[in-house]
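Notes for the one structure printed next.
The values are calculated or read from the model by the stated rules, or taken from the named source; none is laboratory data. Owing to the predicted nature of the structure, the values given are computational and were not obtained by experimental measurement. All Cβ positions, even for glycine, are placed from backbone atoms using ideal geometry, and neighbour counts span all protein chains on display. Ligands, DNA and RNA are excluded from the accessible area calculation, which covers all protein heavy atoms including side chains. Shrake-Rupley method; radii C 1.70, N 1.55, O 1.52, S 1.80 Å.
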Amino acid sequence: IPICVPSVDEQIEISDFIKNFSEISDNLISKSKQQITLLEEKKQTTINQAVTKGLDSSVEMKSSGIEWIGEIPKHWGIMKLKFLKKESLMYGANKTGELKNSTNIRYLRITDFDSNGNLRNTNSKFLDCDSAKEFLLEDGDILFARSGATVGKTFIYRKNWGKACFAGYLVRFRSDKNILNHNFFYFYTQSQNYWNYVNSVKIQATIENVSAEKYSGLCVTIPPIKEQIQITDFLKKEVTRLDELITNSKKQITLLKEKKQALITLAVTGKIDVRDSVVA
């Protein structure tokens, strides 16, 4: 491997410069990572507080009767998911997706969603109309991942994605919108209370699994519909704000790493003269 070889004295000066710069850069990266952790904790706390305690801290509370939920506002209720459905929870199609043609319908799989529940548009698969018709989604349908590393993750279908159906490793929940607002419930599935339930019922065999029957037993806090919408509107704004801060911190880390790598390359190949340089 060809190596640039300055004098030993200059090698030492370059090394000292890189060490100093790397220390400053690594400290900034560490602080950004700590900031991300704090923001993610704030996001989790905000969601959990809103969907289980509401937005009014002065409201009278009562015991929910469920240890992992604790107290809830006195005028709220608790219901199992199976009593909040418009239709029975349903498994998706056990089909192999194919490439799109003029009549095919988007076939949603676990891998089509990112960590924030957003739809990816790479490596998309599709089903023919006959195979898809039993599994077509409606706006606001919630999809649960039922097995593997993503078990418990949820996704909410939006009609602006276009006509779509869903795959067998997903479970569809369609809420009775007179009782449960789908957006409120989607936030509920991001709360720590929800994950406490999922972790308590996961079946660990070859792969972790939560069946439709197990999801049906999930206890959900039920504010009045009007309050569900108020909580949803609040969380949309607050979670968006926190997600933007998290994204900016991640970008900052990427830029710092790129700058560090670029400066090291320039220094050890003599593209910049770092003799007598001071890292600020």
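A few points about this structure:
- Scanning the stretch 204-247 for residues that are within 22 Å of the chain's Cα centre (by Cα), farther than 24 Å from Met79 by Cβ and open to solvent by 60 Å² or more (accessible area, probe 1.4 Å) yields a count of 7.
- Residues of the stretch 168-201 that are open to solvent by 10 Å² or more (accessible area, probe 1.4 Å), over 20 Å from Ile66 (Cα atoms) and of a type in the set (A, V, I, L, M, F, W, C): Ile179 alone.
- Failed criterion for Ile69 (all others in (1) within 21 Å of Thr232 (Cα to Cα); (2) open to solvent by 80 Å² or more (accessible area, probe 1.4 Å) hold): (2)
- Ala262 being open to solvent by less than 30 Å² (accessible area, probe 1.4 Å), over 26 Å from Asp139 (Cα atoms), in a helix (DSSP H, G or I) and not charged (D, E, K, R): no
- Some residue of the stretch 137-152 being at pLDDT 85 or above, open to solvent by 50 Å² or more (accessible area, probe 1.4 Å) and over 17 Å from the mean Cα position of the chain (by Cα): yes
- Contact annotation: residue pairs with Cβ atoms under 9 Å, 6 or more positions apart or on different chains, pairing a residue in the stretch 112-137 that is over 15 Å from Ile156 (Cα atoms) with a partner that is open to solvent by 90 Å² or more (accessible area, probe 1.4 Å) and among the hydrophobic types (A, V, I, L, M, F, W, C), are Ser124/Leu99; Lys125/Leu99; Phe126/Leu99.
- Test: residue in the stretch 65-82 that is under 25 Å from the mean Cα position of the chain (by Cα) and among the basic types (Lys, Arg): yes
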